[in-house]
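Heads up, the thing below is written out as structure tokens.
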Amino acid sequence: MKERDTLDRLIEMLCAERGEEAPVLPDERKADFLRALCNVRPPLPVSEEFLRLQDEYLSACVEERGVVDVDTLDYRAGVALWRGDITRLNADAVVNACNSALLGCFSPLHGCIDNIIHSRAGVQLRLECNDIMHGGEEPNGRVRVTGAYNLPCKHVFHTVGPVVRGKVGARDEKDLASCYVSCMDEAARMGLNTIAFCCISTGEF
């Protein structure tokens, strides 16, 4: 199936799920429309056909963007500073600065890292997070581990950083430090060699 036909079918299926007809869209808007539909989709069961087509489409997107091999980065004392799209890295784990619901960002096409990671991993990531959380809220500074699905990494580490309003307090500093330490401790416990951090509590939130 051609990429355009795959997009059309995925959009059609998600619109039908919402009780709507798929709109007629120019080709250049279809990818964003599909992403927006997935962003707002609640963690409900999904058909095998949808997963097959979605994974086929997202795999093609990974190939188009290109995978960055973390072994080729410039490390100093075991740490490399790299600026780019974290969803392209083939690290053992990438860290997602998530919200406390742990379900990903529900705002269509939002620019936060949580939205990007969920969008490129696929709907399976939200489903797994829902199985973990059962409607609860995750406190700041801990880590939850999920699969990576259509990302080139092996795992996604989800951590909730502090949302600072006004002056940064001692609690904010402690919570932020705990995000990094919890993720590194878990990576060590799992025997992972590489973990890629985004900047936590510095973005859209």
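Quick notes
- Close contacts from region 16-44, counting a first residue that is over 17 Å from A60 (Cα atoms) and a second that is part of a helix (DSSP H, G or I) and of a type in the set (K, R), with Cβ to Cβ under 9 Å and a gap of 6+ residues or different chains, come to C38/R126; R41/R126; P42/R126; P43/R126.
- Conditions (1) in contact (Cβ under 8 Å) with a residue 60 or more places away in the chain; (2) of a type in the set (F, W, Y); (3) open to solvent by 50 Å² or more (accessible area, probe 1.4 Å): number failed by Y75: (1)
- Test: residue in region 150-159 that is buried (at least 17 other Cβ atoms within 10 Å of the Cβ) and over 19 Å from the mean Cα position of the chain (by Cα): no
- Considering only residues in region 140-149 that are within 11 Å of the chain's Cα centre (by Cα) and either among the basic types (K, R) or not in a loop (DSSP other than H, G, I, E, B) (or both), the one that is farthest from A170 (Cα to Cα) turns out to be G147.
- Filtered by the rule that a residue be open to solvent by 30 Å² or more (accessible area, probe 1.4 Å), within 15 Å of C98 (Cα to Cα), of a type outside the set (S, T, N, Q) and in contact (Cβ under 8 Å) with a residue 60 or more places away in the chain, region 160-201 gives F197, C199.
- Some residue of region 121-137 being not small (G, A, S) and not in a helix (DSSP H, G or I): yes
- Restricting attention to region 83-137, the residues that are open to solvent by 20 Å² or more (accessible area, probe 1.4 Å), more than 21 Å from C61 (Cα to Cα) and under 10 Å from the mean Cα position of the chain (by Cα) add up to 2.
- Residue satisfying all of: in region 1-43; hydrophobic (A, V, I, L, M, F, W, C) and open to solvent by 90 Å² or more (accessible area, probe 1.4 Å); nearest to the chain's Cα centre (by Cα) among these: M1
- Listed by first and then second residue, the pairs linking a residue in region 123-139 that is within 14 Å of G104 (Cβ to Cβ) and in contact (Cβ under 8 Å) with a residue 40 or more places away in the chain to a residue that is in a helix (DSSP H, G or I) and open to solvent by 50 Å² or more (accessible area, probe 1.4 Å), with Cβ atoms under 6 Å apart and 6 or more places separating them unless they lie on different chains, form an empty list.
- Filtered residues of region 157-205 (kept if out of contact with any Cys (no Cβ under 9 Å at 6 or more places or on another chain), outside any helix (DSSP H, G or I) and within 21 Å of N90 (Cβ to Cβ)): G191, L192, N193, C198, C199
The values are calculated or read from the model by the stated rules, or taken from the named source; none is laboratory data. None of the values given here were measured: they were computed from a predicted structure. Positions of Cβ are generated from backbone atoms using ideal geometry, with glycine treated the same way; all protein chains shown enter the neighbour counts. Side chains included, ligands, DNA and RNA excluded: accessible areas come from the protein's heavy atoms. Shrake-Rupley method; radii C 1.70, N 1.55, O 1.52, S 1.80 Å.
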